[in-house]
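A short write-up of the structure that comes next.
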Amino acid sequence: MSDKLAIGIDLGTTYSCVGIWQNGKVEIIPNENGQMITPSVVSFTPNERLIGEAAKNQITQNYKNTIYDAKRLIGRRFNDLSVQNDMKIWPFIVEKDERTNRPIIIVEYKGQKKSFFAEEISAMILLKMKIIAEQYLGKKIQDAVITVPAYFNDSQRISTKDAGKIAGLNVLRIINEPTAAAIAYGLDRKELYENRILIFDLGGGTFDISILSLDDNVFEVKATRGDTHLGGEDFDNILVNFCINEFLNETGIDIKNNQKALRRLKIACEKGKRELSSAFETTIDIACLAGGEDLSITITRPQFEEMCSELFQKCITIVSDALFDARCTILDIDEVVLVGGSTRIPKIQQLVKNFFKGKELCKSISPDEAVAYGASIQAAILNDNEEYGLERLVLIDVTPLSLGIELVDGSMSYIIKRNKPIPTKNSQTYHTAYEYQDSIPIKIYQGERKKACENHLLGEFIIHGIRIRKKGEVQCQVTFNIDVNSILKVTAVELGTGNRNELVIDCKNDRLSDQEIEELIEEANKLRDDDEERIEQIKARVELENVIRLYRNESPFVGIKKEKLNQKLKETFQWLKNNINSASIEDFKNKIIEIKNYISDLKNN
């Protein structure tokens, strides 16, 4: 059994969660506020960097420098339609990185313009979860399992792994969120025999369906479907747009470009959405939203359900597609497990229950904690933890999207179809397409479209030095090999000469280079040092404030000496107000020494 500790992290779009297996069970670790989930938000102020709840509190007043939804950017290109659509509603600035064609976030921090890739923001959130665990356990943590949506493509998975590396974590495994939830559900159900369960995972920003079979500690994924851009954030945005139009109709004021008003409205709508899960109606009420006008709109649950009906129905369509992929019917599903905060919406529960002909839905595991719970179990297994029979738990996952190469006519030739159990390996043989060609280009794509160019390009390479023959006389064998992290290695060999080339698909066009990652690790360490220095600075400032307060309330003098001391304390307090953010730790400590020396001199004179 390993003496090292390994944590499981659910890196969510809106909230993140961390857990650990110890003392024969999983413990979900609370943050400094006692909450089990932490907002996936980072805020940059003129004086410090904030992560989590403190950052989320900055959204209304510091909206340009407060970053959220980083998961919706990770592993994507700037010109992706989803990125372009999200940019229209985000208050922070997202620009195109010319070298990589990837989105980059621009903020102002300590008076300077700073730019961050989505991996860096995600790394900051992962670092926050790491620190939460370390403070709770009193030990340093290095190893972690991190979860991703089942429908994340290769570049999104690798970028998430890069984020873990930047955060100072050794990423043991990237696993799918619904698979982690299935482990959480099935661990204590050893009596289950060939049960088939469906995980319905609807979170803040992503939606996944996974169908698994559970049989004596073997968790085998049969099929997965999903949408990496569907979740609670989208329901919030529908409410926001409704309120924008109502406010425009009532007041004539358009707030679409008023970022401060939009942020206040977004927070109110998110709160209202949550209230509608338990109440029949809610009021979105904001004083002086814009132009001195108040907003007050009452929304009923049926209204909200009608607004979101298209997205709700999309979830059910994806469930149907997953059943088709798994070659099973609703009658073959033994249990439907709800995961993710958005499954608290009553209409979602009703639609799922109706789809499964009245089957009772499983709500026995916390929708907010289930994914981190399962990741923590997987972390313990990979960490050689033999408690509770964990070493016998077997996880068989699948590849979420088909993989193949582009043929000469532009069509997609599939080498590994989606929902194939991983790790997996498969080969296809191809012939030269032109007379006397001396090289073979290989372009690798991921996706389900018949035209290769409409899928996601993962990488490309060329086999040089092949035999120069007539069209069709030279054969090339292309092999795809997917490992347990769903990372792909492609090998192409000319049959006859053995000339070959290979590529580990690390999505170099979509991700940071190794050198950049090392530089960002250094930058992340510097930011962490800045955070720690800021904390020490605040402690020193508070200590000075306490000294001023102590001697002001409990002066050791009377009469004129008391007046002199009070004057000194007043001067020091004024200095503190003028230098509260610029003074160093040493400055604050020197002021404390100065006060104590002044008191000593008064006593002796």
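The values are calculated or read from the model by the stated rules, or taken from the named source; none is laboratory data. Being a predicted model, the structure only gives us computed values, none of them experimental. Every residue, glycine among them, receives a Cβ derived from its backbone with ideal geometry; neighbour counts consider all protein chains shown.
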Kindly indicate whether any position in the stretch 121-138 is buried (at least 17 other Cβ atoms within 10 Å of the Cβ), in contact (Cβ under 8 Å) with a residue 12 or more places away in the chain and part of a strand (DSSP E or B).
no
Give 184, 223 a once-over and let me know the one that is among the hydrophobic types (A, V, I, L, M, F, W, C), over 21 Å from residue 91 (Cα atoms), in contact (Cβ under 8 Å) with a residue 40 or more places away in the chain and assigned to a helix (DSSP H, G or I).
184
Are there strands (runs of 3 or more DSSP E) fully within the stretch 419-468 with at least 1 residues that are exposed (fewer than 14 other Cβ atoms within 10 Å of the Cβ) and of a type in the set (A, V, I, L, M)? List them.
456-464
Report the residue count in the stretch 393-418 for those that are part of a strand (DSSP E or B), in contact (Cβ under 8 Å) with a residue 60 or more places away in the chain and among the charged types (D, E, K, R).
1
If residue 54 passes every condition in (1) surrounded by 18 or more Cβ atoms within 10 Å (Cβ to Cβ); (2) within 19 Å of the chain's Cα centre (by Cα) but one, which one does it miss?
(1)
Within the stretch 79-115, tally of residues that are acidic (Asp, Glu) and over 27 Å from residue 457 (Cβ atoms)
1
Picking from 140, 130, 110, 114, which residue would you name as being modelled with pLDDT of 95 or more, in the same structural domain as residue 382 (by TED's automatic domain parsing), out of contact with any Leu (no Cβ under 6 Å at 6 or more places or on another chain) and over 30 Å from residue 490 (Cα atoms)?
130
Checked pairs for the stretch 281-307, first under 17 Å from residue 241 (Cα atoms) and without any contact (Cβ under 8 Å) to a residue 12 or more places away in the chain, second of a type in the set (Phe, Trp, Tyr) and surrounded by 13 or more Cβ atoms within 10 Å (Cβ to Cβ), C-beta under 9 Å and 6 or more apart or across chains, list as 303/242
For the structure I just gave you, tell me whether residue 233 is touching a Gly at 6+ places or on another chain (Cβ under 6 Å) and closer than 30 Å to residue 400 by Cα.
yes
Six or more apart or on different chains, Cβ under 7 Å: which pairs go from a residue in the stretch 459-470 that's among the small types (Gly, Ala, Ser) to one that's surrounded by 15 or more Cβ atoms within 10 Å (Cβ to Cβ)? Could you list them?
459/444; 459/503; 459/505; 459/507; 465/499
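Residue-wise test of (1) without any contact (Cβ under 8 Å) to a residue 40 or more places away in the chain; (2) within 24 Å of residue 111 (Cβ to Cβ).
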residue	(1), (2)
566	yes, no
569	yes, no
576	yes, yes
588	no, yes
601	yes, no
604	yes, no
Output yes when any residue across the stretch 545-556 is under 30 Å from residue 127 (Cα atoms) and either among the basic types (Lys, Arg) or surrounded by 12 or more Cβ atoms within 10 Å (Cβ to Cβ) (or both), and no when none is.
no
Go through the stretch 487-502 and give me each residue that's modelled with pLDDT under 85 and over 20 Å from residue 157 (Cβ atoms).
496, 497, 498, 499, 500, 501
Flagged in the stretch 544-580 as among the polar types (S, T, N, Q) and in contact with a helix residue (DSSP H, G or I) (Cβ under 9 Å, 6 or more places away or on another chain), in numbering order, are 555, 566, 572, 579
Do any residues in the stretch 265-277 that are under 18 Å from residue 348 (Cα atoms) have Cβ atoms under 6 Å from those of residues that are surrounded by 22 or more Cβ atoms within 10 Å (Cβ to Cβ) and among the polar types (S, T, N, Q), where the two are at least six apart or on different chains, and which pairs are they?
272/282; 275/282; 276/282
Matching residues in the stretch 350-359 (surrounded by 20 or more Cβ atoms within 10 Å (Cβ to Cβ) and farther than 20 Å from residue 371 by Cβ) number 0
Would you confirm whether any residue within the stretch 90-97 is in a helix (DSSP H, G or I) and either farther than 25 Å from residue 9 by Cα or not assigned by TED's automatic domain parsing to the domain that holds residue 537 (or both)?
no
Sole residue being under 19 Å from the mean Cα position of the chain (by Cα) and modelled with pLDDT under 95, chosen from 13, 45:
13
Have a look at 213, 159 and point out the one that is of a type outside the set (Val, Ile, Thr) and touching a residue at least 60 places away in the same chain (Cβ under 8 Å).
159
Determine whether residue 246 is in contact (Cβ under 8 Å) with a residue 40 or more places away in the chain and out of contact with any strand residue (DSSP E or B) (no Cβ under 8 Å at 6 or more places or on another chain).
no
Note on the stretch 77-92: residues surrounded by 16 or more Cβ atoms within 10 Å (Cβ to Cβ) and modelled with pLDDT of 90 or more are 78, 83, 86, 90, 91, 92
Here is a check on your reading of the model: is residue 69 within 12 Å of the chain's Cα centre (by Cα) and of a type outside the set (Gly, Ala, Ser)?
yes
Scanning the stretch 459-472 for residues that are charged (D, E, K, R) and either under 28 Å from residue 100 (Cβ atoms) or in contact with a Lys or Arg (Cβ under 8 Å, 6 or more places away or on another chain) (or both) gives 460
